[in-house]
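The values are calculated or read from the model by the stated rules, or taken from the named source; none is laboratory data. Just so we're clear, the structure is a prediction, and the values are computed from it rather than from any experiment. No Cβ is skipped: glycine too gets one built from the backbone with ideal geometry, and neighbour counts run over all protein chains shown. Note: areas computed on protein heavy atoms with side chains; ligands, DNA, RNA excluded. Shrake-Rupley method; radii C 1.70, N 1.55, O 1.52, S 1.80 Å.
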Amino acid sequence: MWFIIDDQMADDRRIRRLPLATVGLWVKLCVIHSKGVSMQAKDPAAYPGYFDKLDLKDAGGTMKQLQQLIDSGLMEEHDGGWRPVYAEGICREPRVLTEEQREARRKAGSKGGRRKAANQKAKQTSGDLPENSQANGEQNSSETGSKPSSKLLEDSQAKTWHKTDTYTDIPSPTPPASTSKQTDTPDAGFDRFAEAYPGSVGAKGRKTETEARSLYAAIAGNPVELGRLQTALRRYKRAVNDGQIRSGHIPRLNTWLRDQWKTWAPEPISPPPIHKHTWNCEHVHQLMDPHEDEYDHTGSLREGKPSKWYLACQACADELNNQQETSKEKQ
């Protein structure tokens, strides 16, 4: 995937008003986001679709610079983080190739390679004729003496035209029948994760590898935690590649999963608090206010004698809470 900047970007008023360092930060964040989107196409858990404060710090930026980009309309908030806004005249939105497009490109490259090899073989064959070809040629000419030279040239070209001008007549191997994609298993997920980890995992079946596999399985059981783990690994690899962490200080995978991965993971997004209905909440009022005149309002909670209006509203609140709990259990 390419992040494409428009050649008119320097003349855009939004860019001209920004400091040069802020423009450089914007380019770097866009590249990081485009790379993440490309990774997300292969593995949805590899990138959450936005960057957060830790990503901003890794890129060498500050919140002041980020606010300048937001005010200029080049960044926007998304799911507790931020992502670029692809503005016309500045840059183009990255395009992810589909599997059909990738397969078409692979086939085109394969056919082009076969055509090139056929051309080279045809040239080599024409340049390495044996010495007795003249005798054979004389014999053949006596047999085909009735044919004009132009006809012989056409026959020769008919045998080799598909090698030099086009590849349409070159037989292509029949692709194997596609098999249905199998459901990913925890072991397969761990193997890919261990392969991406920049440090050592340990010999297969040994204590360190077995512990790492067990820790990964415990985390992967929760999709939310698995997403945080994938983000943590991406950040950790970037820190190693940038030289922030020396190769000699990278722990084994089991140690990293046990003690360190959460320090590199984004903060978990807490679910919104569940509203508990009361006799005086807005939802109860929406249901009960049209019937308020039907109930007696005389009474006192302090004296332990609530009014019929209060009791009816409280009964409505209890009913709404029960419905809310039932729908939550079904989910």
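Taken together, the residues in segment 229-258 that are open to solvent by 10 Å² or more (accessible area, probe 1.4 Å) and over 14 Å from Tyr216 (Cβ atoms) amount to 15. May I ask you to verify whether Lys262 is closer than 30 Å to Arg213 by Cα, within 46 Å of the chain's Cα centre (by Cα) and among the charged types (D, E, K, R)? Here the answer is yes, as Lys262 does meet what is asked.
Of everything in segment 319-331, what is outside any loop (DSSP other than H, G, I, E, B) and open to solvent by 70 Å² or more (accessible area, probe 1.4 Å)? Give them in sequence order. Listed by number, the residues that qualify are Glu319, Asn322, Gln323, Glu325, Lys328, Glu329, Lys330.
Within the group Asn280, Asn222, which residue is polar (S, T, N, Q), under 27 Å from Tyr50 (Cβ atoms) and open to solvent by 30 Å² or more (accessible area, probe 1.4 Å)?
Details: Asn280 fails: under 27 Å from Tyr50 (Cβ atoms).
Of the residues listed, the single one that is polar (S, T, N, Q), under 27 Å from Tyr50 (Cβ atoms) and open to solvent by 30 Å² or more (accessible area, probe 1.4 Å) is Asn222.
Restricting to segment 286-317, what's the tally of residues that are open to solvent by less than 70 Å² (accessible area, probe 1.4 Å) and within 46 Å of the chain's Cα centre (by Cα)? Looking only at that region, the number is 1.
The condition of being modelled with pLDDT of 85 or more, open to solvent by 60 Å² or more (accessible area, probe 1.4 Å) and not acidic (Asp, Glu) holds for only one of Lys35, Lys64, that being Lys64.
Picking from Leu25, Leu54, Leu29, Leu74, which residue would you name as being over 25 Å from Asp242 (Cα atoms) and open to solvent by less than 70 Å² (accessible area, probe 1.4 Å)? Walk me through how you get there before you give the answer.
On the way: Leu25 fails: over 25 Å from Asp242 (Cα atoms); Leu54 fails: over 25 Å from Asp242 (Cα atoms); Leu29 fails: over 25 Å from Asp242 (Cα atoms).
Checking each option against the conditions leaves just Leu74.
The set of residues in segment 264-277 being loosely packed, with under 10 Cβ neighbours inside 10 Å and either of a type outside the set (Gly, Ala, Ser) or touching a helix residue (DSSP H, G or I) at 6+ places or on another chain (Cβ under 9 Å) (or both) consists of Pro271, Pro272, Pro273, Ile274. Please determine whether any residue of segment 41-50 is within 21 Å of Leu233 (Cα to Cα), assigned to a helix (DSSP H, G or I), open to solvent by less than 60 Å² (accessible area, probe 1.4 Å) and touching a helix residue (DSSP H, G or I) at 6+ places or on another chain (Cβ under 6 Å). Taking every residue of segment 41-50 in turn, at least one turns out to be within 21 Å of Leu233 (Cα to Cα), assigned to a helix (DSSP H, G or I), open to solvent by less than 60 Å² (accessible area, probe 1.4 Å) and touching a helix residue (DSSP H, G or I) at 6+ places or on another chain (Cβ under 6 Å). In segment 98-121, the count of residues that are part of a loop (DSSP other than H, G, I, E, B), loosely packed, with under 13 Cβ neighbours inside 10 Å and modelled with pLDDT under 75 is one or more. Listed by first and then second residue, the pairs with beta-carbon distance under 9 Å, at least 6 apart or on different chains, first residue in segment 80-92 and of a type in the set (Phe, Trp, Tyr), second assigned to a strand (DSSP E or B), are Trp82/Phe51; Trp82/Met75; Trp82/Glu76; Tyr86/Arg92.
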